[in-house]
Amino acid sequence: MKRYLVLEDGTVFKGRAFGSPKASIGELVFTTGMTGYQETISNPSGFGQIVVMTYPLIGNYGINRDDYESVEPVIHGLVVREYSDEPSNFRSMMTLGNLLEVKGIPGIEGIDTRKLTRLLREKGTLRGKLTAAGEEVDMVKSLETLESYSSHTNCVALVSTKKAYPSPGRGKRVVVIDYGLKHSLLRELNKYDYDVIVVPFTTTKEEIMSLSPDGILLSSGPGNPEDVEGAVVTIKQLLGKAPIFGIGLGHQLLALAYGAKIIKMKIGHNGGNYPVKDLLTGRTELTSQSHRYTVEEASLENTGLEITHRALNDGSVEGIRNVADETFSVQFHPEASPGPEDASHLFDRFANLMNASNRKGN
């Protein structure tokens, strides 16, 4: 059954529908990974996005029970060149199309994703509409809808946990502030036998410190960090109270807490193969990334922060730290999923910081 993808600049792509038959609107982003589509569509950082897969064949190994990064995928659509409805993999439990249908996410296949990606690289992020399956395009109505559509909202409120919950261990107490965390983050922390407590993004400084954390982790998440109500104030109050490690959106929020500025990128980073240089070790690592905002380097002056990581493709800031406060953060995902695990040693860096700290949650 046919389906159309209409962009806000008037470009129309005609393809075939799969997944949910319903229509959807979102911001188009392209992701460069060759594999990992299940992790990508279930990453909470993708909230509100219509994801374009640049690798041409998607769905060929199906969907399994282990590779979810959240229980409920929150992307608004999936765009692929060729969709495989007959996966071949011993772990496969359903097709990609089955999953999208169950979760109410529309997909479109059979369009020129190379042309679409080049268009997004040239013009930056564009709003797009996936029509309902079998529906003809009403250009006037579609463009009016796209013009009025706004993604500026506190996306974190829609993906963060509503109640605190534990992931028990016998080691250090780590409080994770959930801005839209991935399951793989908890898997990494569990390797250290940490006593992990995940709390909502609205949790106050007093409530967090009452848990006597040895360390605090600011998780990744979707959207503009400046829209996350109250987060920066809370983080400011936590500075110097316990070692802090920020990832993704957590990195941006930490930068804001120190007085830095955040800007929206023309072309975001989405995929599992972005090279980043660790300026502390001189080592270059391939990283998994999912973000449309970045820390403005010029704004770091006089904040007390130093740059620890830099993207090699575009030179953007990928990591910061404040030695005195025992805080550091990275823009990418050291827990990977999908993507390489080159940067997983950053969890060792967090462990060393907690072991050496004399704050002990005071």
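No value in this document is a laboratory result; all are computed from the given coordinates. Just so it is clear, the structure is predicted and the values come from calculations on it, not from any experiment. Virtual Cβ from ideal backbone geometry, glycine too; neighbours counted across all protein chains shown.
Summary table below
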{"read-out": "Pairs of lysines in segment 2-148 (C-alpha under 13 Å apart; 8 or more residues apart or interchain)", "value": "8"}
{"read-out": "Computed Rg/Rh of segment 2-148, alpha carbon atoms with Kirkwood Rh", "value": "0.95"}
{"read-out": "Mean residue ellipticity (222 nm) of the chain, computed from DSSP H runs ≥ 4 via -39,500 (n - 2.57), nearest 500", "value": "-6000 deg cm²/dmol"}
{"read-out": "Check: segment 156-356 dipole with +1 on Lys, Arg Cβ and -1 on Asp, Glu Cβ, in debye", "value": "280 debye"}
{"read-out": "For segment 62-81 and segment 290-362, distance of Cα centres in Å", "value": "27 Å"}
{"read-out": "Cα coordinate range in segment 200-348, projected on the principal axes (Å, largest first)", "value": "40, 31, 28"}
{"read-out": "Equivalent ellipsoid semi-axes, segment 274-315, via Cα gyration tensor eigenvalues times 5, rooted, Å", "value": "19, 15, 8"}
{"read-out": "In segment 156-356, lysine pairs closer than 16 Å at Cα, eight or more apart or cross-chain", "value": "8"}
{"read-out": "R0 of 22 Å, Cβ-Cβ distance residue 226-residue 345: FRET efficiency to nearest 0.05", "value": "0.10"}
{"read-out": "Computed label-point distance, nm, for sites residue 35 and residue 114 using a 7 Å Cα→Cβ extension", "value": "2.4 nm"}
{"read-out": "Footprinting exposure proxy for 321, 127 (fewest neighbouring C-beta atoms within 10 Å first)", "value": "127, 321"}
{"read-out": "Distance in nm between pseudo-label sites at residue 88 and residue 162 (7 Å out along the Cβ direction from Cα)", "value": "4.5 nm"}
{"read-out": "Point-to-point label distance, residue 191-residue 279, nm (Cα→Cβ direction, 7 Å offset)", "value": "2.7 nm"}
{"read-out": "Antiparallel content of DSSP bridges confined to the chain, in %, to 5", "value": "60 percent"}
{"read-out": "Principal axis box of the chain, alpha-carbon based, largest edge first, Å", "value": "64, 45, 38"}
{"read-out": "Estimated FRET transfer efficiency when R0 is 45 angstrom, pair residue 102-residue 355 (beta carbons, to 0.05)", "value": "0.55"}
